[in-house]
Structures are given as structure tokens and as C-alpha cells.
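Visitor: Pasting a structure here, questions to come.
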Amino acid sequence: MTNVPVKKFKILLVDDHPASRKWVIYFLNNSPGIKKFGEAENGAHAIAELEKESYDIIYLDIQMPGMDGLETAVVIKKRFPKSKIILFSMAKCKETIIHLLAMGIESYIVKEEEEIIKAFEEVSAGRKYFSPNINRVWMENEASKLSHSANEIMEENSGLMSKFGLFFTSLKSRIF
């Protein structure tokens, strides 16, 4: 049996509350594959830290004074595209969730122990991860967009659709 080396990840924790940063470190400390933890208290400090050193995964709180998590995520995605972002917050605002998903972030979770660990496992394996509540909001939004698109297509092509409907009705009556 060959021993496959476990990739070691550098993680940057960005939260304006030191206790929250320590809390995340506490829960992730026993996870295999963590090389180093870095800390930043806001978005501006996170950008400065990323300019000095690269990080694989960034846990980023959304609600911070100054440069908040949303602004910071936009800058990170643009300037440090190899870094994966796990946004976390207590907020579950539908508009925020939809905006974040459109940005292409890797993960958005609520601040809960299980979610912090699960998000690291999934993102470090190259997958996206969203809390179940976040997934539900995303699915409802996508279903709404699909339904809206289908209605637009039906309205734009109502004449064509009625012709096809008559054609299929006529064809069905001849076959059966």
C-alpha cells in the first residue's frame, strides 16, 4: 500500500471578531490537510495579507466594518483567482445569496461547526459547498428564472405553439 501525501492547505480567516477566528481555528485544527492559518480582521487587511502571501482557502465573514465580505470577495476573485472563498455569515438574505452565487464563489455557509468543517472538506477537494438553506434559496431562484423564461418563450411563440398544437392533435387523430 502506497502512502499518498495529503495536500496541505493554507487558510486565511477574515472576520472582525477575534473570537470567531479562534472558533474556526478550533474546529478546523484537527482536520487533516491544514498547513497554516492566517488571520485578518477586515477586507483591507485580508487583501494586504494576500499580497504578502498566497492562501489556498479563505474563510470570509460577510458582515464586517469598512470593506465588507462582499466587496472583499470581488477583489479576491479578480486579483487572486486561485484562492477559494468560503463565505460565512449568520445572514440568510435571499438577495445576498443570489448575488454571491452569481459571483461564482466556492462556498457560502452559515456559522455553524458542522458547516465550517464540511465546507473545508468539500472546497479542499475541489468541489463547491453551500449550506442546505442556501441550496434551497438557490434552487427556488433557479426554478423561478426557468419558469419565467418558459413563460416568455410561450408568449413570444404563442402563434407557433398553437400551430404545432393543432398539428399534433391532427396527427394524433389520424394515427389512433
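The values are calculated or read from the model by the stated rules, or taken from the named source; none is laboratory data. This is a predicted model, so every value here is computed, not measured. Please note that ligands, DNA and RNA were not included when accessible areas were found on the heavy atoms of the full protein model with its side chains. Shrake-Rupley method; radii C 1.70, N 1.55, O 1.52, S 1.80 Å.
Visitor: Do we find that T72 is open to solvent by less than 70 Å² (accessible area, probe 1.4 Å), of a type in the set (S, T, Y), at pLDDT 90 or above and assigned to a helix (DSSP H, G or I) in this structure?
Guide: Taking the combined requirement at face value, the residue satisfies it.
Visitor: Still on this model: On the given criteria, is I85 at pLDDT 90 or above and not in a helix (DSSP H, G or I)? Don't jump to the end; show me each part of the working.
Guide: Values: at pLDDT 90 or above: yes; not in a helix (DSSP H, G or I): yes.
Answer is yes for this residue.
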